[in-house]
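Undergrad: Can you keep this structure in mind? I'll have questions shortly.
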Amino acid sequence: MPTRAETLARASALRAGFEEAGAVPVEPPILQSADTLLDLYGEDIRARAYVTSDALRGEQMLRPDFTVPVVQMHMAHGAEPARYTYAGEVFRRQEDDPDRPNEFVQVGFEVFDRTDPAAADAEVFALIADALTGLPVTPVTGDIGVLMAAVDALDTTQPRKNALLRHIWRPARFRQLLDRFAGRTPMPATRAALLAGDVAQDAPAIGKRTRSEINARIDALRTDAATPPITAAEVTFIEALLDLKDTMPDALKRLHSLADDVPAIAPAVARVTARAAALDARGTDTATLTFQASFGRASMEYYDGFVFGFTADAHPDWPAIASGGRYDALTRRLGQGAAIPAVGGVMRPGLMLELEGAR
């Protein structure tokens, strides 16, 4: 195991490399306001955040990553275009896996640039790949935006689409919803009884929901129950997309074929195509680079486009040695309507040192 001093030294060297690439170093505070930021991380990180509060500052949390506070900082007073880098500790509870550290050092590189998003994606990926040169790691890329476009193209109600989009990052729940909306699973007996009016409503109201909110929810369930199921062809299309995993050239051929069947995903596929060309221009060997359409569904929920990760070849159980992606929608949420295309990535210098020591 590397010492703390060794890890911090490697982190400093990695940050210096990003500074040489034009990034400005920033140091977001360790303690962050939880009111706005906590909801942006998604269910997994929310459950593992260290949260506290006091009378003056309200609810606070130890930063679980750097990206969200860096975006908040940039949207408040950053100039365009901008490149940032940082290095420091992040904190996440590990109650389900005591062998994983609850505090570790993270180094990152973030790009805010509306000029050429595909080139920015390739810039972040290539710089991180260069920093990992010589380590036994394998990169995988994906694009959450393609799956989002496919869900949005479904011929069903907006509430059903919203539910599927909300659970893209929870594959098991997404699958359950897809099967339910396609009529492949029976309605739970308790819900059927409720919608049939066989459940008495004279119980006392408990909790924060009002009676009118409860009734509105029941009405929404009745409307959903009366909605025609998603067709078998649409489910097959989603399944084909989720199963797509191949080298970039072959994956692009398949994506273009799928776009012929569902033209609504064509703009998202065009972005993947442009990114592949930008990666080629940066010297990335896209002929062997894996594209997996479902990749990134267990990562940060603020990603909405390009996603990537580098995993240790001999340690598939480890977290990613480096990962990142595009989060345009996050800038809109933190910019109060203003937005700028943005992409970034983070590295784990401690895991890098462990890999070096194992060679």
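The values are calculated or read from the model by the stated rules, or taken from the named source; none is laboratory data. Since the model is a prediction, treat every value here as computed from it, not as a measurement. With ideal geometry, Cβ positions are generated from the backbone for all residues, glycine too; neighbour counts draw on all protein chains shown. Please note that ligands, DNA and RNA were not included when accessible areas were found on the heavy atoms of the full protein model with its side chains. Shrake-Rupley method; radii C 1.70, N 1.55, O 1.52, S 1.80 Å.
Undergrad: Output the number of residues of segment 266-292 satisfying the condition of being open to solvent by less than 30 Å² (accessible area, probe 1.4 Å), touching a residue at least 40 places away in the same chain (Cβ under 8 Å) and either under 26 Å from I340 (Cβ atoms) or in contact with a His (Cβ under 8 Å, 6 or more places away or on another chain) (or both).
TA: 8
Undergrad: Among the residues of segment 301-320, write down those that are within 16 Å of the chain's Cα centre (by Cα) and closer than 20 Å to A131 by Cβ.
TA: F306, V307, F308, G309, F310, P319, A320
Undergrad: Restricting to segment 8-20, count the residues that are touching a strand residue (DSSP E or B) at 6+ places or on another chain (Cβ under 7 Å) and closer than 17 Å to I128 by Cα.
TA: Selection size over segment 8-20: 6.
Undergrad: How many of the residues making up segment 138-164 are of a type in the set (V, I, T), surrounded by 22 or more Cβ atoms within 10 Å (Cβ to Cβ) and closer than 24 Å to M347 by Cβ?
TA: 2
Undergrad: Conditions first: (1) in contact with a Phe, Trp or Tyr (Cβ under 8 Å, 6 or more places away or on another chain); (2) at pLDDT 95 or above. T273 passes all but one, so which condition is the exception?
TA: Against the list (1) in contact with a Phe, Trp or Tyr (Cβ under 8 Å, 6 or more places away or on another chain); (2) at pLDDT 95 or above, T273 comes up short only on (1).
Undergrad: Take segment 22-47 and flag every residue that is open to solvent by less than 40 Å² (accessible area, probe 1.4 Å) and at pLDDT 70 or above.
TA: A23, V26, P28, Q32, A34
Undergrad: Of (1) within 30 Å of A172 (Cα to Cα); (2) in contact with a strand residue (DSSP E or B) (Cβ under 7 Å, 6 or more places away or on another chain), F112 satisfies all except one. Which?
TA: For F112, the failing item is (1).
Undergrad: While we're here: For segment 258-265, state whether one or more residues are farther than 18 Å from P139 by Cβ, of a type in the set (A, V, I, L, M, F, W, C), open to solvent by 50 Å² or more (accessible area, probe 1.4 Å) and part of a helix (DSSP H, G or I).
TA: Scanning segment 258-265 turns up at least one residue that is farther than 18 Å from P139 by Cβ, of a type in the set (A, V, I, L, M, F, W, C), open to solvent by 50 Å² or more (accessible area, probe 1.4 Å) and part of a helix (DSSP H, G or I).
Undergrad: Among the residues of segment 142-163, are any among the hydroxyl-bearing types (S, T, Y), outside any loop (DSSP other than H, G, I, E, B) and either closer than 24 Å to L255 by Cβ or in contact (Cβ under 8 Å) with a residue 60 or more places away in the chain (or both)?
TA: Scanning segment 142-163 turns up no residue that is among the hydroxyl-bearing types (S, T, Y), outside any loop (DSSP other than H, G, I, E, B) and either closer than 24 Å to L255 by Cβ or in contact (Cβ under 8 Å) with a residue 60 or more places away in the chain (or both).
Undergrad: Let me ask something else about it. Pull up segment 244-257, narrow it to residues that are in a helix (DSSP H, G or I) and either among the polar types (S, T, N, Q) or touching a residue at least 24 places away in the same chain (Cβ under 8 Å) (or both), then point me to the one that is surrounded by the most Cβ atoms within 10 Å (Cβ to Cβ).
TA: Result: L255.
Undergrad: Let me ask something else. Among (1) open to solvent by 10 Å² or more (accessible area, probe 1.4 Å); (2) modelled with pLDDT under 95; (3) hydrophobic (A, V, I, L, M, F, W, C); (4) not in a helix (DSSP H, G or I), which single condition is A172 missing?
TA: Only one criterion in (1) open to solvent by 10 Å² or more (accessible area, probe 1.4 Å); (2) modelled with pLDDT under 95; (3) hydrophobic (A, V, I, L, M, F, W, C); (4) not in a helix (DSSP H, G or I) is unmet by A172, namely (4).
Undergrad: Then there is this: Would you confirm, using the coordinates I've provided, whether T138 is touching a residue at least 12 places away in the same chain (Cβ under 8 Å), among the hydroxyl-bearing types (S, T, Y) and in a loop (DSSP other than H, G, I, E, B)?
TA: Judged against the criteria, T138 is not a match.
Undergrad: Tally up the residues in segment 73-86 that are part of a helix (DSSP H, G or I) and open to solvent by less than 70 Å² (accessible area, probe 1.4 Å), please.
TA: 3
Undergrad: State which residue is modelled with the lowest pLDDT when the search covers only segment 87-137 and only residues that are surrounded by fewer than 21 Cβ atoms within 10 Å (Cβ to Cβ) and aromatic (F, W, Y).
TA: F91
Undergrad: Out of all the residues in segment 333-343, is one or more open to solvent by 20 Å² or more (accessible area, probe 1.4 Å), hydrophobic (A, V, I, L, M, F, W, C) and in a helix (DSSP H, G or I)?
TA: Yes - at least one qualifying residue is present in segment 333-343.
Undergrad: Please name all residue pairs, on different chains or six or more residues apart, with Cβ atoms under 8 Å, provided the first residue is in segment 22-40 and is on the phi > 0 side of the Ramachandran plot and the second residue is at pLDDT 70 or above.
TA: Qualifying pairs under 8 Å: G22/R83.
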